[in-house]
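The values are calculated or read from the model by the stated rules, or taken from the named source; none is laboratory data. If you're wondering where the values come from, they're calculated on a predicted model, not measured in any experiment. Ideal geometry is used to build each Cβ from the backbone, glycine not excepted, and the neighbour counts take in all protein chains shown. What goes into the accessible areas is simple: the full protein's heavy atoms, side chains included, and nothing from ligands, DNA or RNA. Shrake-Rupley method; radii C 1.70, N 1.55, O 1.52, S 1.80 Å.
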Amino acid sequence: AHRGGGTLAPENTLGAIRLGAQLGFKGVEIDVMLAGDGTPVLMHDQTLKRTTRTHGEVAHTPYAHLAQLDAGAWRGARWRGERIPRFEDAARLCRELGLWANVEVKPAHGYERRTGEAVARMALELWNGADLPPVLSSFSSVALAAARQAAPQLPRGLLVGRLPPHWREMLRDLECVALHCNHRVLKPRVVEEARAAGCAVLAWTVNDARAARKLLGWGVDCVVTDRLDRVAPDLA
Ligand code: G3P
Ligand code: MG
């Protein structure tokens, strides 16, 4: 379930994660960025505008201030009062609900190394003793390299919007266990090659059941969806 509850809930909130679990999803994708004081929080955008309707940059705003903002009202009155959670709150909730987590390391520009390091270190603590660790994914190879250094034992996913020509080498060099690929650019040959190299393939963001079935038929291991109402969790 993308960003917790896809389009059915305010993204990257605890309410969204609870909804994903309630609807039967086995895993959630969340975006994690550092607040101004270094606290990892669930946030997709670098600015506060879209999801809290206030001004400011996440990377320049301390968590104490972020915690006061309403991150739910933009999705409708029933969600009013949802907050920007800390990564640790979200991780605890995932463990409590038995949800697997795809933790997307989402650094603000210039914070790639710091974010990869901080999120990996914290993830190691938060999932200590868990049967299934989270996967740390990122568009930033700097963040992935920093995550590897900080927590080499946590699995990593190489996140791509387009397939870079050297994707095979990138998977190998960053020691990733999975390719997280935009489903629009995914081809059966790529799925086959990645899996033959020992990597899982995750496709995002797949918003209709027919496309999801096709991808799963190609051997894709996981689909990430915004449409929790259309792409049933038991499809896989
Ligand atoms: O992890 C897949 C997806 O979340 C990547 O794109 O922009 O929704 O974080 P975005
Ligand atoms: Mg994401």
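Within segment 57-66, count every residue that is open to solvent by 30 Å² or more (accessible area, probe 1.4 Å) and either assigned to a helix (DSSP H, G or I) or closer than 22 Å to Glu104 by Cβ (or both).
Residues meeting the conditions: 5.
What's the number of the condition Ala200 fails, among (1) touching a Leu at 6+ places or on another chain (Cβ under 8 Å); (2) open to solvent by 60 Å² or more (accessible area, probe 1.4 Å); (3) closer than 22 Å to Val103 by Cβ?
The single condition Ala200 does not satisfy is (2).
For segment 221-236, give me each residue that is open to solvent by less than 10 Å² (accessible area, probe 1.4 Å) and more than 16 Å from ligand 2 (Cβ to nearest atom).
Within segment 221-236, just Val231 meets the criteria.
Looking at segment 17-37, which of the residues that are open to solvent by 20 Å² or more (accessible area, probe 1.4 Å) and either out of contact with any Pro (no Cβ under 9 Å at 6 or more places or on another chain) or at pLDDT below 95 (or both) is farthest from ligand 1 (Cβ to nearest atom)?
Out of the qualifying residues, it is Gln22.
Of these, Ala123, Ala108, which one is among the small types (Gly, Ala, Ser), in a helix (DSSP H, G or I) and within 17 Å of the chain's Cα centre (by Cα)?
Of the residues listed, the single one that is among the small types (Gly, Ala, Ser), in a helix (DSSP H, G or I) and within 17 Å of the chain's Cα centre (by Cα) is Ala123.
For His60, are the conditions met, namely being modelled with pLDDT of 95 or more and touching a Lys or Arg at 6+ places or on another chain (Cβ under 8 Å)?
no
Only one of these conditions is not met by Glu175: (1) open to solvent by less than 30 Å² (accessible area, probe 1.4 Å); (2) on the phi > 0 side of the Ramachandran plot. Which number is it?
Result: Glu175 passes all but (1).
For segment 135-145, give me the residue count where each residue is more than 13 Å from ligand 2 (Cβ to nearest atom) and either part of a strand (DSSP E or B) or over 19 Å from Ala101 (Cα atoms) (or both).
3
Residue-wise test of (1) of a type in the set (A, V, I, L, M, F, W, C); (2) over 18 Å from the mean Cα position of the chain (by Cα).
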{"site": "Arg148", "(1), (2)": "no, no"}
{"site": "Pro152", "(1), (2)": "no, yes"}
{"site": "Leu159", "(1), (2)": "yes, no"}
{"site": "Arg189", "(1), (2)": "no, yes"}
{"site": "Glu192", "(1), (2)": "no, yes"}
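Could you please give the count of residues in segment 21-73 that are among the polar types (S, T, N, Q) and touching a residue at least 40 places away in the same chain (Cβ under 8 Å)?
3
List the number of the failed condition for Pro133; all other conditions in (1) more than 14 Å from Gln153 (Cβ to Cβ); (2) open to solvent by 10 Å² or more (accessible area, probe 1.4 Å) hold.
Answer for Pro133: the failing condition is (1).
Can you name the residue in segment 180-197 that is away from ligand 1 (no atom under 15 Å from the Cβ) and open to solvent by less than 30 Å² (accessible area, probe 1.4 Å) and is also farthest from Glu169 (Cα to Cα) among such residues?
Only one residue tops the list, namely Val191.
Can you pull out the residues in segment 203-220 that are open to solvent by 10 Å² or more (accessible area, probe 1.4 Å) and within 16 Å of the chain's Cα centre (by Cα)?
Trp204, Thr205
Across segment 74-105, which residue is farthest from ligand 2 (Cβ to nearest atom) among those that are open to solvent by less than 30 Å² (accessible area, probe 1.4 Å) and in a loop (DSSP other than H, G, I, E, B)?
Filtering segment 74-105 for residues that are open to solvent by less than 30 Å² (accessible area, probe 1.4 Å) and in a loop (DSSP other than H, G, I, E, B), the one farthest from ligand 2 (Cβ to nearest atom) comes out as Gly76.
Being of a type in the set (D, E, K, R) and farther than 25 Å from Arg53 by Cβ is the filter; apply it to segment 82-114 and report the residue that is nearest to ligand 1 (Cβ to nearest atom).
The extreme case among them is Glu112.
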